[in-house]
Amino acid sequence: MTHVPHPPTLLYVTNPMCAWCYGFTYVVRRLKALWHGRLQVRVLLGDFQAYATEPLQQDTKERLAVSWHRVQQRTSLPFDYRFFLEKSFVYKTEPACRALLAMRLLRPVLSLEVLRALHSAFYADGLDITKPENLVKVTRLFGISDNLFMTLYEADEIMEQLEEEFQFVEQIGATSFPCVYFEGPEGPELLTKGYCDLDELEERLLQRLEVNNYTA
């Protein structure tokens, strides 16, 4: 495997309530584990239904159900479809994004694990992570006190930082999720847009390392 003098960095652009991201986070975590100590992964948040205000309509639920089923077929991950029985659910992802941002500041090395936990809570356990009280249930798993988390979660600075991150992600061209960028000398370089398997992602990483003249 390629050895680099300084660990290369991948920018993983995702959203805690994106179904394909739910599947792809496992791929990114496995890649990071395979490259233990030789690869850094920065989790960035993209604006997917962040500020939605209207309950999902039946036709939208049907499209989502098809998408979830495709992810389940591709990844074999569990899904709780009881979500689609909810009549007034607003698919608003900003609260979960803000929670992940707060946790990234509190426990930066655990960003991928917090993301995985949020994905699992929503998709596998059917927990409504648009609600702060449910977000607290997830963050407790990482030894964060409720008061500390809520203080940061509700801070104006966090909301401003989240909006800045949404804007940055849009500026680099990540308009659908998941996306992975290689942090190259001239800025972020797209590795993959959308879901791909571990072998393909690792191959694209190796090619990018070669292009950027990392030595073996």
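Could you list, in sequence order, all residues of segment 164-205 that are under 24 Å from residue 38 (Cα atoms), surrounded by fewer than 19 Cβ atoms within 10 Å (Cβ to Cβ) and of a type in the set (A, V, I, L, M, F, W, C)?
Correct list: 190, 196, 198.
How about segment 70-105: which of its residues are closer than 15 Å to residue 158 by Cβ, crowded, with 16+ Cβ neighbours inside 10 Å and among the aliphatic types (A, V, I, L, M)?
96, 99, 100, 101, 102, 103
Every residue, every condition in (1) among the acidic types (Asp, Glu); (2) within 17 Å of residue 204 (Cβ to Cβ); (3) modelled with pLDDT of 95 or more, yes or no:
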{"position": "23", "(1), (2), (3)": "no, no, yes"}
{"position": "38", "(1), (2), (3)": "no, yes, no"}
{"position": "41", "(1), (2), (3)": "no, yes, yes"}
{"position": "44", "(1), (2), (3)": "no, no, yes"}
{"position": "47", "(1), (2), (3)": "yes, no, yes"}
{"position": "67", "(1), (2), (3)": "no, no, yes"}
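Determine which single condition residue 53 fails, assuming it passes every other condition in (1) at pLDDT below 95; (2) in a loop (DSSP other than H, G, I, E, B).
(1)
So which helices (runs of 4 or more DSSP H) stay within segment 129-199 end to end and still have 1 or more residues that are acidic (Asp, Glu), under 24 Å from residue 24 (Cβ atoms) and within 18 Å of the chain's Cα centre (by Cα)?
156-171
Do any residues in segment 115-129 that are among the β-branched types (Val, Ile, Thr) have Cβ atoms under 8 Å from those of residues that are not in a loop (DSSP other than H, G, I, E, B), where the two are at least six apart or on different chains, and which pairs are they?
129/95; 129/96; 129/99; 129/118; 129/121; 129/122; 129/135; 129/138
Tell me yes or no: at least one residue of segment 78-101 is touching a Gly at 6+ places or on another chain (Cβ under 8 Å), assigned to a helix (DSSP H, G or I) and modelled with pLDDT under 95.
yes
Which of the residues spanning segment 116-172 are on the phi > 0 side of the Ramachandran plot and touching a helix residue (DSSP H, G or I) at 6+ places or on another chain (Cβ under 8 Å)?
Within segment 116-172, 126 is the sole residue that qualifies.
The values are calculated or read from the model by the stated rules, or taken from the named source; none is laboratory data. Nothing here was measured: the structure is a model prediction, and the numbers come from that model. We place every Cβ from the backbone using ideal geometry, glycine too, and count neighbours over all the protein chains shown.
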